[in-house]
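Notes follow once the structure below has been shown.
Each value in this text was obtained by applying a stated rule to the coordinates, not by laboratory testing. As the structure is a computational prediction, the values presented were derived from the model and not from experiment. Here Cβ is always computed from backbone atoms with ideal geometry, including for glycine, and neighbour counts include all displayed protein chains.
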Amino acid sequence: MERLIAKDEILTTVHSMNYAEDDLDEQLMRPCFIPDRKITLDNSSHLPQAAMEITTNQWWEMAVAALSGFTGTQHKLSNPIVTFSNENLTKAHLKANVLAYHCIEEDGKLEEVTARGLQEIDLEALDGRWYMFKIETRRNVPLDMSLYEKAAQRAVQGLGRKPMGAT
């Protein structure tokens, strides 16, 4: 029973991060990570960036910069497999397919791109909560990056969505 409860808590944590990305909700994102602990983010086989160690604040800034220029996004995980690396259920690994829809609607025209890949996330239980500390995304189908570039330009110009609570 403890394993099932832990798996449910892990899935809730990971899905919360996905909703936080889509809603640009910083308050929903923060409890997914251990405060003051670096996160390993590896999108090197998905986006043109090297793997990096970042803070929660940096993760949030990167998410807003990458996603706020889109009019909408929807990140979906499917077929999750959770494995535990010890018997006391304090460390876990999640592997799931990810489908990430992105769109820009402008002047009555809709442009869209969907990224498909695999996400692998390492988590740790601390003080009764599960936290993510390593996220790797591997894209497994080709992707037209031009809409990502357009969204980044829109974000710099202040166009697109605003993070929840932002004025």
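Numbers at a glance
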quantity: Matching residues, segment 145-167, being outside any helix (DSSP H, G or I) and either among the aromatic types (F, W, Y) or surrounded by 11 or more Cβ atoms within 10 Å (Cβ to Cβ) (or both); calculated: M145, L159, G160, R161, K162, P163, M164
quantity: Count - residues of segment 1-44 that are outside any helix (DSSP H, G or I), of a type in the set (V, I, T) and buried (at least 16 other Cβ atoms within 10 Å of the Cβ); calculated: 2
quantity: Leading residue by the ranking (nearest to K95 (Cα to Cα)) among those in segment 61-81 that are of a type in the set (V, I, T) and under 14 Å from the mean Cα position of the chain (by Cα); calculated: T73
quantity: Considering residues of segment 62-92 that are out of contact with any strand residue (DSSP E or B) (no Cβ under 9 Å at 6 or more places or on another chain) and closer than 30 Å to K162 by Cα only, the residue surrounded by the most Cβ atoms within 10 Å (Cβ to Cβ); calculated: S68
quantity: Residue list for segment 101-116, restricted to those being surrounded by 19 or more Cβ atoms within 10 Å (Cβ to Cβ) and not aliphatic (A, V, I, L, M); calculated: H102
quantity: Strands (runs of 3 or more DSSP E) contained in segment 57-127 and holding at least 1 residues free of Cβ contacts under 8 Å to residues at least 40 places away in the same chain, under 20 Å from T137 (Cα atoms) and small (G, A, S); calculated: 72-84, 91-106
